[in-house]
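Okay, so here's the structure we're looking at.
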Amino acid sequence: MNAKLADRIATAIIVAVSGFIVLLLAGLLGYIMVRGLGHFSYDFLTSPPETIRAGGGIGPQLFNSIFLLVLTMLITIPLGLGAGIYMSEYARPGKFTDFIRLLVEVLSSFPSIVVGLFGLLVLVNAFDLGFSLLAGALALTVFNLPLMVRITEQGLKSVPREQKEAGLALGLSKWKTIRSIMLPVAIPVILTGTILAAGRVFGEAAALLFTAGMSSPRLDFTDWNPLSPFSPLNPMRPAETLAVHIWKVNAEGLAPDAAEIAAGASAVLVLTVLLFNLAARWLGRFMYRKFTATK
Amino acid sequence: MAQSTKVQQPKPHIAEEWVGRVYTGICIFILIVAIFSMVYFVASRGLRTFIGDGVNPLELLTGLKWNPGGEPALFGALPFIFGSFSTSILAALIAGPLGFCAAVFMVEIMPGFGRKFLQPVIELLAGIPSVVYGFVGLSVIVPLFRDIFPGQGIGIAAGALVLSVMILPTITTIATDALAALPSGLKEGSYALGATRWQTIYRIVLPTMLPALLTGIVLGIARAFGEALAVQMVIGNAPHIPRSLFESTSTLTSAITQSMGNTVMGSAHNNALWSLALILMLMTFVFVFIVRWLEGRSKI
Amino acid sequence: MQQYGLSAKDLSVYYGPKQAVKNVSLDFANKQVTALIGPSGCGKSTFLRSLNRMNDLIDGAKVTGEIWIGEENINHPKTDVVSLRQRIGMVWQRPNPFHKSIYENIAFGPRYHGVKNKKQLDEIVEQSLRKAALWEETKDRLHKSGLSLSGGQQQRLCIARSIAVKPSIILMDEPASALDPVSTAKIEELITELKQEYCIIIVTHNMHQAARISEKTAFFLMGDLIEYDETDKMFTDPEKKETSDYISGRFG
C-alpha cells in the first residue's frame, strides 16, 4: 500500500477514535442528565426513600455522602500529609524506603471491595464499630491514603530546592521549614489532588457496602446531638450513601420508579464529581496565581 | 584540637524537630500497619476454607460447580476466576487500542487541541463513579445487547464493555506520558529519512513506548479485575461458565458482593467467599509485580 | 584565631566516591570580602555550601576536615546545625524569596528565633531593608508578595532576609549572575556596604566582579585550592601559572 495513503487512513482512524471518546463522554453525561434531571425536585433531594411505593427521595443518602466525605477527609488529610512528608523529606534512600514504596503501591492497587471486606472484618467486627459512618470513613481512609501520600509527595517535590535551603539557612528547624516554607508552596498541587481524591470518596461504593452499611435509620433532622441514635451527626450509626443507594436500587429496588431514582441519584453524583473537578482546576489555577503573584 | 567545651543549652527547635519526626513517623507506621493487617486478616480468613473446612485448593481453583451452602457443599470457583479474567482482559483489548489512539492524538496529531479538550474528557471519564457506569450499563448496554444478540444482554460482553470505558483513562494517561517523554530526536530522525507520520509512529514510536503501553494495560486490567459493583450490575451473577459472551455469569468480585451480606460469619460458605477475596488480593500482588517488571524494562 | 570570621582546615567534600573538594585550608577574615573564583565544576560552590553544612542535605555527600568559627569546630557531628545556620547567612544564585509578603520574608526568621514584639519586628524589618538598600522602594508595599518584586529587588530582599537574623558571616553563591547589569551594580555596591559588619564569602564567575569588591581572592581548580592572596596581587601578579592562565582568560 502507498505509504501516504496508509498515513492518511491511520490519521483518520486516530482522529475518529478521539472524536468517539469525546462523544462517549458527551453521550454518557447527556444520558445521565436527561434521564436524571427530569426527576429533580426539591422533594427528591430532601425526602427519605420509599421501599415499595413510588416518589421516594434521596435526602438522607445525600446527607450521608457529604457527612462521610467530611469525616473521611478529616482523617485522611492529616494522616496522608504526615506519611507523604515522611516519604518525601524524612525517608532515607535505601531498602527500607523502597519497601515502603512497594507497600504503598500495593495498597493503592487493592480492589476497593477487598478494602471493604477488611473493614468488615477489623473495624465492624473486631473493633465492634458495627455498620457505621466511622467504620466507613476509616475504610475509605485506608483506600485513599496511598493517593494522598502520592499527592503530598508530588507537591513537596515541586517545591524548588532553594526554598528549602533558604529556610534551613535562616536557622529554622527542618520541621518548621517543611511546615512554614515548603507546604505553602506545595499547597496548590496538594489541594488540587485532594479535591480530586474527595471526588473519588464521594463516588465510592464497594468499600462501603460492608462498612457503612446498606441502610440508614430514620434520621431526625431536628436532633443534632451526635450521641443520639437518630441524629444525622451520630458517627456510630449505619449510613447508606448515594453511591451505595444507586447500586441497591438497581440490584434489589422494588419501588416502581427505581430506575428514575437511580438516574436522579446518578445525576447528583456526576454533577458533584464534575463540580469537584472544576473546583480543583479553578482552585489550582487561582492558588498558583496568588502565590506566584503574577496577577 | 578539642571540641568546644561550651555546654549546649536545650533548644526549642530540638523538641520541634522531634514533633515532626514523631508525627510523620506515626503516620507512615499507621499506613504500614494498615497494609500488613489487611493482608494478614484477609489471608487468615481466606485460608480457613482449606485449613478449617478441608477444601482442596485445587478444587477451588479448578472446580466448575459452586454451591458452598448445598449438600454436598461444592467449592468450584473456576467460573468466577474465568469471569474475572475474561471480562478484564476483553476490556483491555477494547480499551488498549482506543487509549493508544487517544494518546497519539494528544501528543502527535493535535497537541494543543488534544491537551485542552481531550485531556479533561479523559479526566472526567476517570472521575465518574463506578456505580454510575454500572447504572448506564444496565440501562443502555444491556437492553441494546438484548435486542441485537440472542440472550438476556447481560454477561461477559456487557461487563467488558462497561469496564473498558472505566479503564480507558488509566491506559490513555500512561500512554500519553510515555509518548510525551520520548526524545524528539527519535522522531525527527525518522521524518528526516522521509518516513510519513504513521510509519514513524508504527516503526519507531510504538516499539519504544510498548513497555509503557503494556504497563498502562496491565494497570487497567488490574483495575477491571478488582472492580466490583459496575460489573455485578451487568454480569447476571449466575455461577457457571457461560457458553457465549451474552449469557449470565459471575466474577470473583460480583460473587463476593452478591453473597457476603447473606452468609453467616464463620460458615463454610462465608469462608469460601473470603477465599475468593484472597485470590483477588494475590492477583493484586501479581499485577503490581508485572507492572514493576515492565517499568524496569521501559527505563532502558 | 579570633581575627578570622571563619577558618577551614583540610576540608574535603566527597560525592560518593568522587572527591569534589580536596584538602582545602582557608582563613576568612572578619569585615572583609573574600572571593572564590575558578571555572565551573572546580568545587568552589561545593566548598561554600559546606561552610554552613548545606551539603548535609545532599544524599551521599560527605564533608571531612574542620571548620572553625571562634573556638568551635562546626563540622562536627554534635554541632547543632540549626543554631549554626542562624549565625551564617546565605544568598543563592537565583533569588528565592519565600512565597510570603515582603514583610513576612524578613520578619519570619527573627520571629522564629524569639522576637515576638510587633514593634521590635517592625524595626528589624525596616533596618534590614535599609541595610539592603530596599527600604525606599518597598516601604509602601510591605504586605505585597515578595515575588512581586523585580529580580534584582528580590535578590536584595533575600540579602535583607539573611541579615535579619543577625549572622556574622554571609555566604553568597554567585549572587548577581542571574541579574541585569544595573541590578548587579546595586548588589555589588551593597556588598561593599555590608562588609563593614560581616565576613562575606562570595563565589563568582565574573572576575571583574571579584576584582571590584573583594579584598582577598581564592582560586580553585578541579577541587584544589591553587592560590589564595590579596585580590590586587592575584590579578596583577599571580604566583601560579594556572591562576594567570585563568585570569587572562586562557580557559574556563
Mean residue ellipticity (222 nm) of chain B, computed from DSSP H runs ≥ 4 via -39,500 (n - 2.57), nearest 500: -22000 deg cm²/dmol
Shielding by partners, peptide C:142-149 (average Cβ within 10 angstrom, other chains): 2
Over 23 Å [Cα-Cα, region A:1-157], rounded percent: 64
For chain C, alpha-carbon Rg over 2.2 N^0.38 Å: 1.01
Estimated distance in nm for a label pair at C:D56 and B:I32, the labels positioned 7 Å out from Cα along Cα-to-Cβ: 2.4
From the C-alpha gyration tensor of region A:77-144, square roots of 5λ in Å: 27, 13, 9
Unit charges at the beta carbon, dipole of the protein assembly as shown: most positive-side option, B:M281, C:G249, C:S145: C:G249
GNM top mover of C:G114, C:G41, C:G223 - chain C, alpha-carbon springs below 10 Å: C:G114
Average silhouette area of region B:113-223, convex hull of alpha-carbon atoms, in square nanometres: 9.0
Computed [θ] at 222 nm, helices only, for chain A once each DSSP H run of length n ≥ 4 contributes -39500 (n - 2.57): -22000 deg cm²/dmol
Cleavage-rule hits (chymotrypsin sites (Phe, Trp or Tyr not before Pro)) in region A:198-295: DSSP loop, at most 14 neighbouring Cβ within 10 angstrom: A:F221, A:W224, A:F230
Farthest toward positive dipole pole in chain A [+1 Lys/Arg, -1 Asp/Glu at C-beta], among A:A166, A:V185, A:S108: A:A166
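Not counting the cut sites, what is the longest span of chain C without trypsin sites (Lys or Arg not before Pro) that DSSP labels loop and that have at most 15 other Cβ atoms within 10 Å?
It runs C:145-239.
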Dipole of chain A [Lys/Arg +1, Asp/Glu -1 at C-beta], most positive-end residue of A:M287, A:V149, A:L274: A:M287
Alpha-carbon spread of region B:74-298, three principal axes, descending order, Å: 67, 40, 30
Ranked packing of B:32-42, B:183-193, most packed first, by mean Cβ within 10 Å: B:32-42, B:183-193
Within 10 Å of each Cβ in A:265-272, the average number of Cβ atoms from other chains: 3
Cα-Cα separations in region A:42-292 greater than 24 Å, expressed as whole percent: 54
Isotropic mean projected area of the C-alpha convex hull, the protein assembly as shown (nm²): 44.6
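Rounded to the nearest 5, what % of the DSSP beta bridges within region C:119-252 are antiparallel ones?
Looking only at bridges with both residues in region C:119-252, the antiparallel portion is about 55 percent.
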Those lysines that a straight Cα-Cα span of less than 24 Å connects to C:K9, excepting residues fewer than 8 apart in one chain: B:K6, C:K18, C:K22, C:K31, C:K44, C:K62, C:K78, C:K195, C:K216, C:K233, C:K240
Over region A:1-84 - Rg/Rh using Cα atoms and the Kirkwood inverse-distance radius: 1.31
Within 10 Å of each Cβ in B:18-26, the average number of Cβ atoms from other chains: 6
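Counting only pairs 8 or more residues apart or on different chains, how many lysine pairs in chain A have their Cα atoms under 22 Å apart?
7
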Share antiparallel - DSSP beta bridges, the protein assembly as shown, percent rounded to 5: 60
Region B:1-121: C-alpha gyration tensor shape, a/c 1.5 cut-off, then a/b vs b/c: oblate
Peptides B:265-276, B:106-117 ordered by average Cβ neighbours within 10 Å, highest first: B:265-276, B:106-117
Cα gyration tensor shape for region C:77-120, rounded if a/c is under 1.5, else prolate or oblate: oblate
Relative packing of peptides B:55-68, B:155-168 - highest average C-beta neighbours within 10 Å first: B:155-168, B:55-68
Total charge dipole magnitude, region A:3-144, about the Cα centre, Cβ charges on Lys, Arg, Asp, Glu only, Debye to nearest 20: 400
Amide H contacts under 5 Å for C:V203, placed H, 5+ residues apart: C:L36, C:M172, C:D173, C:E174
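Checking the a/c ratio against 1.5 first, then a/b against b/c, what shape does the Cα gyration tensor give for region A:182-260?
oblate
Computed from the coordinates by the stated procedures, all read-outs in this text should not be read as laboratory data. Source: prediction; values computed, not measured. Counting neighbours? That spans all protein chains shown, and the Cβs are built from the backbone with ideal geometry, glycine included.
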